[in-house]
Amino acid sequence: MPSPRLATYAVGGSTHYGVVADGGIVDLSARFGKEFPTLREVIAAGALTKLAEDAAKRPADHAADAVTWLPPIPSPEKIICIGVNYPDRNAEYKDGQDAPKYPSMFMRTPRSFVGHLTPLVRPRASSQLDYEGEVVLVIGKPGRHIPESAALDHIAAVTLCNEGTIRDWVRHAKFNVTQGKNFDSTGSLGPWLVPFTGEADIADIRLTTRVNGETRQDDRTSRLIFGFRYLINYVSTFTTLVPSDVIVTGTPTGAGARFDPPRYLKPGDVVEVEAENIGVLRNGVVDEAIMNLLASDGKMP
């Protein structure tokens with residue numbers, strides 16, 4: 001039996017959450033919205049599986065093609081991204097250095113992400129929009145100084161990320177990448193949350209990224225330099241993890257910047273990030289100027 005899939009979406013001008021089924025989407029917010037206004041509250045209560053079981057008894061309320069998909073978690077407190085976390089990614093830097101002793105990381109804002117099937121926006125400031133497919137951990141249980149032995153107990157769900165990057169803007173300063181990682185609508189999260197049931201869900205799954213059907217990234221989570229247990233332990237050393245915090249765990253080799261010449265995303269491209277047991281996160285690409293024109297004409301979803 002497939003794992004339940006819980007999504008946040010917009011329909012009729014309002015935001016909902018529900019379970020994605022073969023027949024469409026079962027609207028859980030209409031039934032549980034007073035108790036759980038968003039999936040953040042569902043996660044904090046440890047109720048993802050309970051609500052999914054309730055949805056399994058009900059017919060779909062919305063057709064999947066009639067909604068606008070949103071990032072599954074509205075405004076998480078923290079979006080923590082891990083850099084250089086696959087062995088071949090470290091080699092791509094060609095600096096002769098061994099794998100780092102500690103993980104590289106940076107923060108992203110919720111506004112820098114869109115949902116499934118919403119286009120990524122290539123900003124007018126740069127044409128160097130790049131893709132990075134990643135597996136995402138969603139925290140369900142709060143904690144600080146979490147030992148590796150207990151780390152997986154703090155995961156509520158998993159999802160996917162296209163951690164879109166503006167390459168020339170990550171080099172604007174000497175020590176940080178913040179600017180190039182936080183342009184509005186340059187990355188995506190989703191399409192849904194899959195409740196976490198155990199280490200086998202993520203320990204050795206295949207992660208791929210395709211651009212216009214061509215496979216650009218292809219690796220397995222078993223090859224991570226810093227595994228999921230360690231990441232939760234390490235991050236919780238300096239910050240308290242709270243329900244709905246997001247940890248984006250790193251991308252394999254094969255991003256567009258590493259080709260010669262580079263192969264950056266352009267309007268009309270379609271990027272698909274896929275992982276076993278999770279699904280496919282799909283986004284097109286548009287220019288910021290076109291996006292603004294559509295918005296002014298009232299044609300945006």
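The values are calculated or read from the model by the stated rules, or taken from the named source; none is laboratory data. Since the model is a prediction, treat every value here as computed from it, not as a measurement. Please note: Cβ atoms are built from the backbone with ideal geometry, for glycine as well, and neighbour counts cover all protein chains shown. In case anyone asks, the SASA skips ligands and DNA or RNA and just uses the protein heavy atoms, side chains included. Shrake-Rupley method; radii C 1.70, N 1.55, O 1.52, S 1.80 Å.
List pairs: first residue in the range 172-183 and among the β-branched types (Val, Ile, Thr), second residue open to solvent by 40 Å² or more (accessible area, probe 1.4 Å) anywhere in the structure, Cβ distance under 8 angstrom, at least six positions apart or on different chains. So the pair list comes out as THR178/MET107.
For (1) crowded, with 21+ Cβ neighbours inside 10 Å; (2) among the hydrophobic types (A, V, I, L, M, F, W, C); (3) modelled with pLDDT under 95, each residue gets a yes or a no:
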residue: GLN97; (1), (2), (3): no, no, yes
residue: GLY115; (1), (2), (3): yes, no, no
residue: ARG122; (1), (2), (3): yes, no, no
residue: GLN128; (1), (2), (3): no, no, no
residue: GLU132; (1), (2), (3): yes, no, no
residue: GLU148; (1), (2), (3): no, no, no
residue: ILE166; (1), (2), (3): yes, yes, no
residue: GLY187; (1), (2), (3): yes, no, no
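Do you know which residues across the range 20-46 are within 21 Å of the chain's Cα centre (by Cα) and open to solvent by less than 10 Å² (accessible area, probe 1.4 Å)? Quick ask: steps written out before the conclusion?
So the first thing to find is which residues in the range 20-46 are within 21 Å of the chain's Cα centre (by Cα), and the list is 20-21, 25, 38-44, 46.
Those that are within 21 Å of the chain's Cα centre (by Cα) and open to solvent by less than 10 Å² (accessible area, probe 1.4 Å): ILE25, LEU39, VAL42, ILE43.
For residues that are open to solvent by less than 30 Å² (accessible area, probe 1.4 Å) and touching a strand residue (DSSP E or B) at 6+ places or on another chain (Cβ under 7 Å), scanning just the range 209-225, find the one that is farthest from ILE82 (Cα to Cα).
Our first condition is that a residue be open to solvent by less than 30 Å² (accessible area, probe 1.4 Å); within the range 209-225, this holds for 209, 211, 217, 219, 221, 224.
Now restrict to residues that are touching a strand residue (DSSP E or B) at 6+ places or on another chain (Cβ under 7 Å): 209, 211, 217, 219, 221.
Details: THR209: 17, VAL211: 22, GLN217: 17, ASP219: 16, THR221: 13 Å.
Top of the filtered list is VAL211.
Evaluating PHE183 against the criteria (1) open to solvent by 30 Å² or more (accessible area, probe 1.4 Å); (2) within 18 Å of VAL84 (Cβ to Cβ); (3) of a type in the set (A, V, I, L, M, F, W, C) leaves one unmet condition, (2). Of all residues in the range 251-274, those that are farther than 24 Å from SER222 by Cβ and among the acidic types (Asp, Glu) have Cβ atoms under 8 Å from Cβ atoms of residues that are modelled with pLDDT of 95 or more and buried (at least 18 other Cβ atoms within 10 Å of the Cβ), 6 or more apart or on another chain, in ASP269/VAL211; ASP269/VAL285. Within the range 227-269, if we keep just the residues that are farther than 15 Å from VAL138 by Cα and either in contact with a Leu (Cβ under 7 Å, 6 or more places away or on another chain) or hydrophobic (A, V, I, L, M, F, W, C) (or both), the residue that is most open to solvent (accessible area, probe 1.4 Å) turns out to be PHE238.
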